[in-house]
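See structure below.
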Amino acid sequence: METYTAMRHFADSWGLLAMTVFFLGVVLFTLRPGAKKAAEQAATIPLKED
């Protein structure tokens with residue numbers, strides 16, 4: 001099997017599943033209940049003066 005064909009087959013099957021699971025994990029991580037305080041602190045970093 002040619003390398004390109006093998007990589008294409010992987011991307012069409014397991015690669016898509018892996019990217020979907022990763023995307024859902026990131027969305028759930030950012031929308032978890034304790035994330036609001038951390039997001040607010042990160043949003044004010046550029047406005048802080050040293």
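The values are calculated or read from the model by the stated rules, or taken from the named source; none is laboratory data. Nothing here was measured: the structure is a model prediction, and the numbers come from that model. Backbone-built Cβ (ideal geometry, glycine too); neighbour counts: all protein chains shown. Side chains included, ligands, DNA and RNA excluded: accessible areas come from the protein's heavy atoms. Shrake-Rupley method; radii C 1.70, N 1.55, O 1.52, S 1.80 Å.
Could you tell me how many of the residues in the range 2-16 are modelled with pLDDT of 90 or more and open to solvent by less than 100 Å² (accessible area, probe 1.4 Å)?
Residues meeting the conditions: 1.
Which one of these does PHE23 not meet: (1) under 19 Å from the mean Cα position of the chain (by Cα); (2) among the aromatic types (Phe, Trp, Tyr); (3) loosely packed, with under 10 Cβ neighbours inside 10 Å?
Result: PHE23 passes all but (3).
Considering only the range 29-48, I want to know if a residue exists there that is open to solvent by less than 70 Å² (accessible area, probe 1.4 Å) and under 14 Å from the mean Cα position of the chain (by Cα).
No, the range 29-48 has no match at all.
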